[in-house]
1. Please list the three semi-axes, largest first and in whole Å, of the ellipsoid equivalent to the stretch 244-285, using sqrt of 5 times the eigenvalues of its alpha carbon gyration tensor.
2. Give, to the nearest whole percent, the P(r) tail of the stretch 82-218 beyond 18 angstrom, counting all Cα pairs.
3. Averaging over all projection directions, find the projected area of the Cα convex hull of the stretch 188-299 and quote it in nm² with one decimal place.
4. Charges only on Cβ, +1 for Lys and Arg, -1 for Asp and Glu: so what's the dipole of the chain about the Cα centre, in debye to the nearest 20?
5. Which ³J(HN,Hα) values in Hz, rounded to whole numbers, follow from the phi angles of the stretch 256-264 under the Karplus curve 6.51 cos²θ - 1.76 cosθ + 1.60, where θ = phi - 60° and Gly and Pro get x?
6. Can you list the HN-Hα couplings for the stretch 126-134, worked out from phi with the Karplus curve (6.51, -1.76, 1.60; θ = phi - 60°), rounded to whole Hz and with x for Gly and Pro?
7. Please report the projected area of the chain's Cα convex hull averaged over all directions, in nm².
8. In nm, give the distance between the simple-model label positions of SER107 and TRP309, each being 7 Å from the Cα along the Cα-to-Cβ direction.
Amino acid sequence: HRHLTGIAGLQPHEIMFLLDEAEQWVEANKERGRLSDRLTGLTQINAFFENSTRTLLSFEIAGKRLGADVVNMHAGQSSVKKGETLIDTAVTLNAMRADVIVIRHGSSGAVQLIADKVDCPVLNAGDGWHEHPTQALLDALTIRRRRGAIAGQRVVICGDILHSRVARSNILALTALAAEVRVVAPSTLMPAEVERMGVTPFSDFDEALEGADVVMMLRLQNERMSGGFIPSTREFHMRYGLTPERLARAKPDALVMHPGPMNRGVEITSSVADDRERSAITEQVAMGVAVRMACLDVLTRHERGVEGWA
Ligand code: CP
């Protein structure tokens, strides 16, 4: 079986395949309840060692819509609190004969560590600063549907690039699919390896916004910063906050995106976030369910004796 630990392990045609697979669920998801019995009889464990609203719930809804038996493990209520190691937790989940495991963890690489220990497909729901592959897939699907294509789109990603697994996975996916990616951050929140990422770095947000097709805003990941580097939110908003005036520099029909959770008034003003025409933020959440249905389905095909990846 294959795991989905990151976009880094995927070929461009495999990313497109997952987006194409997700398309069938976008329309179907307008109905309520179970949509398919593809995963009937399979046990899906969602093991979340970090807080989540969107990712946890959408993975749960996605599994249930496909007929899986879904079990959630919240680390705060688990024996992790009693000192059980990650490896021992993985071995325990494996002994319960899960058919697919979805993991969120605060440490980069933790998902791969678990994937190496279990006998079923593992999906990364976000690991530390490393990757959040289903977020990048749902963002790519949103862009493709709203802009008609991904190739050639000028996508500006702004904010705390350094600590963002969302930025890392999006950069990998969007550059693989031939988008033009610009990243904007203060120097303290720009990764040192940015030159090797196939993107154009900017420190001036206004400059980066010229001609943008998509503007993707990121939250300051305060929980991943050590004291001295936390910028003042007021100053950050002044230089890197998306306001209506700033957005006017992008193309007139540019799309505004945010993975959530948002800090309104910091990286984005409410009037921009709630702009029904320009903001795709709630649509991103809806695409998240479709994309996670596609990932759960495709990743378990081998187990179900169905032909897998394209
Ligand atoms: N975008 C995202 O991962 O949100 P949650 O942390 O709420 O899952």
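The values are calculated or read from the model by the stated rules, or taken from the named source; none is laboratory data. Every value quoted in this text rests on a predicted model; they were computed, and no experiment measured them. In this analysis, Cβ positions are derived from the backbone assuming ideal geometry, glycine residues included, and neighbour counts consider all displayed protein chains. Protein only, heavy atoms only, side chains kept; ligands, DNA and RNA dropped before computing areas. Shrake-Rupley method; radii C 1.70, N 1.55, O 1.52, S 1.80 Å.
1. After scaling each eigenvalue by five and taking roots: 16, 13, 8 Å.
2. Here the long-distance tail beyond 18 Å is 59 percent of all Cα pairs in the stretch 82-218.
3. On the way: hull surface 35.4 nm².
Computed as one quarter of the Cα hull surface, the answer is 8.8 nm².
4. The dipole of the chain has a size of about 460 debye.
5. Using θ = phi - 60°, the values come out as 9, 10, 7, x, x, x, 8, 10, 4 Hz.
6. x, 10, x, 8, 6, 8, 9, x, 5
7. Directional mean of the projected Cα hull area for the chain stands at 15.5 nm².
8. Placing both labels 7 Å beyond Cα along the Cβ direction yields 2.7 nm.
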